[in-house]
Amino acid sequence: MQHVKVPQDRIGVLIGEGGETMREIEDRAEVRLDIDSESGSVAIDAVGDPVAGLVAPDIVRAIGRGFTPESALSLLEHDLRRFELVDLASETRNKNDLQRQKGRLIGENGRTRELMEDLSGAEVVIKGTTLGVIGQPEEVEAIRRATGMILDGAPHGAVYSFLERKHNEIHGAPDLSTPSGNAEEPR
């Protein structure tokens, strides 16, 4: 049995309307959840496939850190898909620096966070003192590196260029060697 702490404001999301989200997690991850609404403590007990059960704590943590239940449950859809948290408080000097850095990571009207998602293919949520990422390993690593660049003071343009290069490496870029954008097959 594992225990995960969920912020009070996310307990309702974890449970869902009429317990719907909780039941879906239990069914799909083959676990039993015991949620203490007062303390935010969630006990997770694997009752079926132990491999699926190993993912359940990350699903609960991801919902607690601000991801939608659908995004969190996507961790079950592919063996390599993973959830990671970057502790922003440990990367900043004080509360004012934390707020400034969060502002840089979110960007004007959420544009930087949105571009991080679009260019990496991962999902990104910034809540409290953490930046959460759900994606394939190379997508998560790209976000981790881009976050480090922003926290180190890199200009946003340099971070976007880095993410564009990573996007092309991960997802492939069209071959611009022919007018149609498609390379001719060797004969």
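The values are calculated or read from the model by the stated rules, or taken from the named source; none is laboratory data. Keep in mind the model is a prediction, meaning the values are calculated, not measured. Glycine gets a Cβ as well: all are built from the backbone with ideal geometry, and neighbour counts include every protein chain shown.
Screening E91 against (1) of a type outside the set (S, T, Y); (2) touching a strand residue (DSSP E or B) at 6+ places or on another chain (Cβ under 7 Å); (3) in the same structural domain as A122 (by TED's automatic domain parsing); (4) surrounded by fewer than 18 Cβ atoms within 10 Å (Cβ to Cβ) leaves a single unmet condition, (2).
Scan (1) at pLDDT below 95; (2) crowded, with 17+ Cβ neighbours inside 10 Å for the single condition L75 breaks and write down its number. So L75 meets the others, but not (1). In region 120-138, the residue that is surrounded by the most Cβ atoms within 10 Å (Cβ to Cβ) out of those that are closer than 17 Å to Q101 by Cα and hydroxyl-bearing (S, T, Y) is T130.
Within region 1-54, the set of residues being assigned to a helix (DSSP H, G or I) and acidic (D, E) comprises D9, E17, E20, E24, E26, D27.
Which residue pairs have Cβ atoms under 6 Å apart, sit 6 or more places apart or on different chains, and have a first residue in region 79-94 that is closer than 21 Å to V60 by Cα and a second that is polar (S, T, N, Q) and part of a loop (DSSP other than H, G, I, E, B)? Partner pairs satisfying both residue conditions: L80/Q136; L88/T129. Scanning region 50-62 for residues that are of a type outside the set (S, T, N, Q), surrounded by fewer than 18 Cβ atoms within 10 Å (Cβ to Cβ), more than 17 Å from the chain's Cα centre (by Cα) and more than 18 Å from R81 (Cα to Cα) turns up nothing. On the stretch given as region 66-87, residues that are over 14 Å from the mean Cα position of the chain (by Cα) and closer than 21 Å to G148 by Cα total 0. Considering region 24-45, and only residues there that are touching a helix residue (DSSP H, G or I) at 6+ places or on another chain (Cβ under 8 Å) and free of Cβ contacts under 8 Å to residues at least 40 places away in the same chain, the residue that is surrounded by the fewest Cβ atoms within 10 Å (Cβ to Cβ) turns out to be S37.
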